[in-house]
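Here the structure is laid out as structure tokens; the discussion comes afterwards.
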Amino acid sequence: MMRNLLALSAGVRRTACWQLGPDRPGPRNPYQVMELLFGKFNLVDYEDGRLGRRYPAGDTMALLTELLGDVRQVSRVDVPGQEDRYVFEVSRSGRGPLLVAWHRRDDFDGEDEPPIPFDCAWTAPDARATDALGKPVPVEVRAGRVHFPLSLTPVFVE
């Protein structure tokens, strides 16, 4: 998700998921080179002989795909003095504003740290926020600014 937003903000127009799932149903050899390199990146897996089991990463990719549908432009917003805040404005055809933000932290234990308060400019009269795992995030709009907690997990504000 994060890499997709970084790529889109740099001008990339389309991204694709290379490792959707295993090539075929049945047991896999965990020592095969491709399995060693990419086996943990599957978004879906076989269930009763058909692709049907979705992993959490697959749910996140589906959420990203739905929220970024009809994207026109993704722009990174500079947060002066807070370079560890990644904030993106997403312009979408026929849809309201979308803001995506996260706090850059250590990849291994960054989620153990408590969220930090965050706010930025917001033009809409209200907002709704969801994190990358599909969980609701408390959000409030006051005086032209949107306020919500920020952590390593990206938050989508609509």
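For a modelled paramagnetic label at Ala62, 7 Å from Cα along Cα-to-Cβ, the residues of segment 29-54 in reach, with backbone nitrogen under 20 Å, are 40-54. Loop-located chymotrypsin sites (Phe, Trp or Tyr not before Pro) in segment 10-62 (DSSP state not H, G, I, E or B) with no more than 12 neighbouring Cβ atoms inside 10 Å: Trp18, Tyr31.
Over segment 1-51, all Cα pairs binned in 5 Å intervals from 0 give whole-percent P(r) values of 4, 18, 21, 18, 14, 12, 9, 4, 0, listed from short to long. The GluC sites (Glu not before Pro) of segment 1-91 that DSSP puts in a loop, and whose beta carbon has at most 16 other beta carbons within 10 Å, are Glu83. Using C-alpha pairs under 8 Å with a sequence gap of at least 6, the mean separation divided by the residue count of the chain gives a relative contact order of 17 percent. Dividing the Cα radius of gyration of segment 1-88 by its Kirkwood radius returns 1.09 for Rg/Rh. Taking label positions 7 Å along the Cα-Cβ direction at both Asp109 and Tyr46, the computed distance is 4.1 nm, reported to one decimal.
Between the Cα long axis of helix 56-67 and the first principal axis of the chain there is an angle of about 50°, rounded to the nearest 10. The residues packed around Val157, meaning those with a beta-carbon under 12 Å from its beta-carbon, carry a net charge of -4 if Lys and Arg are +1 and Asp and Glu are -1. What is the log10 of I(q)/I(0) for segment 62-155, computed with the Debye formula using one identical point scatterer on each Cα and no solvent, at q = 0.16, 0.20, 0.22, 0.23 Å⁻¹? Each listed q maps to, in turn, -0.68, -1.08, -1.29, -1.39. The phi-based Karplus calculation (6.51 cos²θ - 1.76 cosθ + 1.60; θ = phi - 60°) puts the 3J(HN,Hα) values of segment 116-131 at 10, x, 9, 8, 7, 4, 8, 8, 6, x, 9, 7, 9, 10, 9, 8 Hz, whole numbers, x for Gly and Pro.
Measuring from centroid to centroid over Cα atoms, what is the spacing of segment 67-138 and segment 1-32 in Å? Using only Cα atoms, the two centres lie 22 Å from each other. Once the 1.4 Å probe is applied to the protein heavy atoms, the chain comes out at 65 Å² accessible per residue.
Of the chymotrypsin sites (Phe, Trp or Tyr not before Pro) found in segment 86-158, the ones in coil according to DSSP and having at most 12 other Cβ atoms within 10 Å of their Cβ are Phe108. Under a 5 Å amide H cut-off, with hydrogens placed 1.01 Å from N, Cys120 pairs with Val146 among residues at least 5 apart or on other chains. For the chain, the equivalent ellipsoid derived from the alpha-carbon gyration tensor has semi-axes of 32, 18, 15 Å in decreasing order.
The stretch between Arg28 and Leu6, if pulled fully straight at 0.36 nm per residue, gains 4.6 nm over its current Cα-Cα span.
The distance between label points at Arg128 and Gln82 comes to 2.5 nm (points 7 Å beyond Cα on the Cα→Cβ vector). What residues from segment 65-98 fall in the zone where the backbone N is under 16 Å from a label point 7 Å along the Cα-to-C-beta line of Ala121? Inside the label zone: 75-81, 87-91, 97-98.
The values are calculated or read from the model by the stated rules, or taken from the named source; none is laboratory data. Nothing here was measured: the structure is a model prediction, and the numbers come from that model. No Cβ is skipped: glycine too gets one built from the backbone with ideal geometry, and neighbour counts run over all protein chains shown. Ligands, DNA and RNA are stripped out before the accessible areas are found, and what is left, the full protein with its side chains, is counted by its heavy atoms. Shrake-Rupley method; radii C 1.70, N 1.55, O 1.52, S 1.80 Å.
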